[in-house]
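Worksheet for the structure shown next.
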Amino acid sequence: VQLQASGGGLVQAGGSLRLSCAASGSISRVIAMGWYRQAPGNKRELAATITSDGSTVYADSVKGRFTISRDNAKSTVYLQMNSLKPEDTAVYYCKRVDPRGSYWGQGTQVTVSS
């Protein structure tokens, strides 16, 4: 199982970015896929997840600003991030949970300047 995250970068506060996580193989029957983030000195935390039935969960800190979605045909999960704040600066990781276990992709850096 491979997960390839992309889309990170440097953006000014108030700006937007869209992260992509391309998975090897189908994602239509995975239990959930999600985005987590880890800022320097902090533990990794949930940003958003989406289950196989399309249910979503968001961290309180990103509600109303971030949107997670999935394209099963492309085996890709997206995280649209709007109204970015400096505190959103972190390495963002994609995670896949299926009956065989949990898998992490490599991180993609998001830096929001004030």
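For segment 42-114, give the percent of accessible area contributed by carbon and sulfur heavy atoms, probe 1.4 Å, rounded to a whole number.
Summing carbon and sulfur atoms, their accessible area is 47 percent of the total for segment 42-114.
For segment 30-74, the solvent-accessible area works out to 55 Å² per residue, with a probe of 1.4 Å and every protein chain left in place.
Taking all protein chains as shown and a probe of 1.4 angstrom, residue 87 keeps an accessible surface of around 120 Å².
Of the residues 91, 110, ranked by 1.4 Å probe accessible area with the largest first, the sequence reads 91, 110.
The values are calculated or read from the model by the stated rules, or taken from the named source; none is laboratory data. Bear in mind the structure is a predicted one, so any value in this text is a computation, not a measurement. Keep in mind that these areas ignore ligands, DNA and RNA; they rest on the heavy atoms of the full protein, side chains included. Shrake-Rupley method; radii C 1.70, N 1.55, O 1.52, S 1.80 Å.
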